[in-house]
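Single-structure report; data block below.
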Amino acid sequence: MGRIENDYICQGCGVAIQTENKHEAGYIPASALKNETIICQRCFRLKHYNEIQDVPYSDGDFLKMISQISETTSLIVKLVDIFDFNGSFIKSLQRLTGNNPIILIGNKIDLLPKSTNLNRLKQWMKKEAADLGLTVQDVFLVSAKTGLGYTEVKSAIEYYRNGQDVYVVGSTNVGKSTFINYLINESVGEKDVITTSYFPGTTLGFIEIPLDQKTALYDTPGVVNRSQITHYLSQEDIKVITPNKEIKPRVYQLNSRQTLYIGGLARFDFIKGNRQSFTCYFANQINIHRTKLDHANNLYNEHLGKLLSPPNEKDVKNYPALVEKTIKIAEDRVDIVFPGLGWITLSGVPATIAVHTPLDVPVSKRKAII
Ligand SMILES: Nc1nc2c(ncn2[C@@H]2O[C@H](COP(=O)(O)OP(=O)(O)OP(=O)(O)O)[C@@H](O)[C@H]2O)c(=O)[nH]1
Ligand SMILES: [Mg+2]
């Protein structure tokens, strides 16, 4: 590791700045230390070329950093990605943040169909958080991209922080840095101060944003969840599966023994039940392909990476094999959730389905949220 210029922290990602080794994290040329804003080489490349440079940190290094929060007296703002609630929830976070009060915020609501009942969704989040053992002061929904929901969230933060510091925590990619950038832009008119990207693991250290003379709000590195599907995808494919616009639900009328492929990333078989509609909520740019169950294996073997993509043809070999799980559904209006991708809502019961995903990306079932 090069010499660390202890006084300098990258404004974009929070990493300690060094001037000795181009290939290590936090590098900037010594001459750039004079600049008014100090941005490391990795942030510069991400911002200007959308290129991600690997860093030598392990998942544990980030956990250690986050666990320092348990020694503070502060308000915890826990962000989750509403499009991947369970995948981004990270149960262990509560232990890392100590006994501090927590508010829970579901981010990225701009991606949900306009018809979504946000109040019902909030109630669902409250119950889900409680079932997962998390005690929260309150629950909110926002879009860090459009600013929807910010008025309420800002006054809640001011109220619950009670004059103390604020830490924004959550899994990688939930939008912590984007969330804070919106606040910064609103208060000082400066855009994209902190580096954000659709790659998990963008923020590398704490980034302090002063709130007043004595207290600050902190951006923190995301906690890594290895069951997030992004860890198995190439940079190109991450871009394809990340929704960037309001999701248009796609409805399929299926008879039993029909199959839907979600690109080539996952598979959904309707094994048994009455003909009914299945509503699919996935990024608009992911192809959904319908076929007969009896043809499904052949189709996959012949067309993975082509008709069935992502994964794209040259990255197919790095994508894990799909593992089948059968699910019997007796309750009405159920979502079958493919973590990090989206979900399918069933309309009729009883039904038997089978899902196929990589072993480490297990499907779950919940009461329909829309
Ligand atoms: N559509 C939508 N995208 C969002 C929103 N907030 C963040 N994003 C996107 O989500 C991705 C991750 O955002 P970041 O702000 O870098 O996430 P982070 O939680 O800071 O991630 P790490 O630093 O890796 O822990 C980026 O592609 C953002 O543009 C939102 O409200 N709506
Ligand atoms: Mg970040």
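Worth a mention:
- Extreme residue, nearest to Val168 (Cα to Cα), among residues of the range 223-244 that are more than 16 Å from ligand 2 (Cβ to nearest atom) and hydrophobic (A, V, I, L, M, F, W, C): Ile229
- Some residue of the range 251-274 being surrounded by 12 or more Cβ atoms within 10 Å (Cβ to Cβ), free of Cβ contacts under 8 Å to residues at least 24 places away in the same chain and not β-branched (Val, Ile, Thr): yes
This table checks each residue for (1) assigned to a strand (DSSP E or B); (2) in contact with a Gly (Cβ under 9 Å, 6 or more places away or on another chain); (3) not aliphatic (A, V, I, L, M).
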{"site": "Arg42", "(1), (2), (3)": "no, yes, yes"}
{"site": "Arg45", "(1), (2), (3)": "no, no, yes"}
{"site": "His48", "(1), (2), (3)": "no, no, yes"}
{"site": "Leu79", "(1), (2), (3)": "yes, yes, no"}
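- Restricting the range 208-222 to residues that are more than 9 Å from ligand 2 (Cβ to nearest atom) and surrounded by 21 or more Cβ atoms within 10 Å (Cβ to Cβ) leaves a set whose member that is farthest from the chain's Cα centre (by Cα) is Leu217.
- Note on the range 154-185: among residues that are over 25 Å from Phe83 (Cα atoms) and not polar (S, T, N, Q), the one that is nearest to ligand 2 (Cβ to nearest atom) is Asp165.
- Residue match in the range 191-207 (condition: closer than 25 Å to Val168 by Cβ and surrounded by fewer than 15 Cβ atoms within 10 Å (Cβ to Cβ)): yes
- Screening the range 171-227 for residues that are farther than 23 Å from Thr73 by Cβ and among the hydrophobic types (A, V, I, L, M, F, W, C) and picking the one that is farthest from ligand 1 (Cβ to nearest atom) gives Val188.
Every number here is computed from the coordinates shown, using simple stated rules; none is lab data. All of these numbers come straight from a predicted model, not from anything done at the bench. All Cβ positions, glycine included, derive from the backbone under ideal geometry; neighbour counts span all protein chains shown.
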